[in-house]
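Working notes, structure below.
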């Protein structure tokens, strides 16, 4: 089950996350994290040119033995600009191909130039430079739109114990029916699900629900980390669970939090102002 884990690498290039107190990860610690990940059969890294210098850091450390998923730059730069930026990502990562390339901004699909870009990316797929093409999404409606309009191989979606919209709406099952690989991000909701005591005043709106959820976790005699992690890992349709860490110790804690036999329920909070970190202030 641990091989369902994948490493998000935004912390390697930026000071990221509402509960992150240590800032951008030093390159020496990045190497230690990747070495430990490989030892634990965690072989997929998720990055993007928009994640600060994450790609350059990974390229310097060396990632030839990992599956690499990266993302496009905005289509406002033009089709040729996006393709040029992708080749720059390959150079930054010091690799010749990626396992996956995700359209980072789904609104690019509304651009009249998107058809040309999608065709060019599929040409790169035929050449073996890209193994899988897909999209990064935020809402069930976006997933529905993609399923209706495009043939693709890979998708990244938000998913966690508070946010199971894609289960209830049937999108996860529809994606698997088409054999699309599903990667889930925000399984810890940028750290919110791991510590409710250090959150900013913005999150006080949901204090009562947070307290109810913590009661549910206590009933199961689990830690917050154990509940959030295993809820995601036990969701059958998900192929990869993205986790971001600042240190080997954090990744060790995640690995050790795995439970082989637990039956966990969602705790639905149907409020986009909590579920979408882009709306936080």
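Each reported figure results from applying straightforward, stated rules to the coordinates on display, with no laboratory input. Since we're looking at a predicted model, the values are computed, not measured. As a convention, Cβ positions derive from the backbone with ideal geometry for all residues, glycine included, and neighbour counts pool all protein chains shown.
Tabulated values for the structure
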item	result
Evaluated over region 29-88, the Cα radius of gyration and Dmax, each in Å	13.3, 41
For the chain, alpha-carbon Rg over 2.2 N^0.38 Å	0.98
Highest to lowest packing among 245-257, 133-145, scored as the average C-beta count within 10 Å	133-145, 245-257
Added length on full extension, which subtracts the Cα-Cα distance from 0.36 nm per residue, residue 271 to residue 219	16.3 nm
Tilt relative to the chain, helix 140-149 - C-alpha long axis, 0 to 90 degrees, to 10	30 degrees
Virtual spin-label span in nm between residue 176 and residue 208, 7 Å along Cα→Cβ	3.5 nm
Simple label model, 7 Å out from Cα along Cβ direction - residue 122 to residue 195, nm	4.7 nm
For region 69-163: Kirkwood Rh in Å [reciprocal of mean 1/r, alpha carbons]	13.7 Å
C-alpha long axis of helix 114-126 to longest principal axis of the chain, angle in °	90 degrees
